[in-house]
Amino acid sequence: MKMNPSCTNFVDQQYFCVHRSELEEVGDQPKASRSSRHRHKLVVMLLRRPMAVSIVTASVIGALAVAPAPRAVAVPGPEIEYTYDVMVRRHYDFPGNDAIGYGFAICDKVSRGQPYASVMSDVKADVLPNDEVAANYVVSNAVGILCPALIWNLRNSAAGYRPPAE
């Protein structure tokens, strides 16, 4: 079996180059022989492989595009949360318009062991509105958000607390 001299490598010689013996005398069209059928099957197989890879790749990319983004579970910083709670959600007026500084001052009082009744009376004197509910909200949010390690100190000092008669 003679190989076509224009073929450069083994694969070309075996599958893609047309043998001189397979050419018809009249034209340059190859005969429908076993070799050409085999060559056709190889070409079809080589064309199908990239198509299959393309389909799988497109499917994966499409599935990723349709998948929902993970839900954000970030929590704002304590200063932001406290400021939002006492200045935006409920509007309280603090001395010097410094809600964060006042909240940390409440934390300092609780950490020093100042009684709950004393902390509440200070808040009622400084913050507007100055009723019992507003003062309780400011104190509990300050300790619960800005210094959560002091919650038990606050609870223990508030045990037995009775609001003064108004």
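Which is farthest toward the positive dipole end of segment 47-166 among Val56, Val110, Pro129, measuring Cα position about the Cα centre, with Cβ charges +1 (Lys, Arg) and -1 (Asp, Glu)?
Val56
Could you go through segment 113-126 in sequence order and give the Karplus-derived ³J(HN,Hα) for each residue, using 6.51 cos²θ - 1.76 cosθ + 1.60 with θ = phi - 60°, rounded to whole Hz, and x for Gly and Pro?
x, 5, x, 4, 4, 5, 4, 5, 5, 5, 5, 5, 7, 9
Relative to the present Cα-Cα distance, how much length would full extension add between Trp152 and Val53 at 0.36 nm per residue of separation?
29.4 nm
Taken together, the values in this text are just the output of simple stated rules run on the coordinates, not laboratory data. Everything numeric in this text was worked out from a predicted model, so none of it was measured. Quick reminder, even Gly has a Cβ in these numbers, built from the backbone with ideal geometry, and neighbours come from all protein chains shown.
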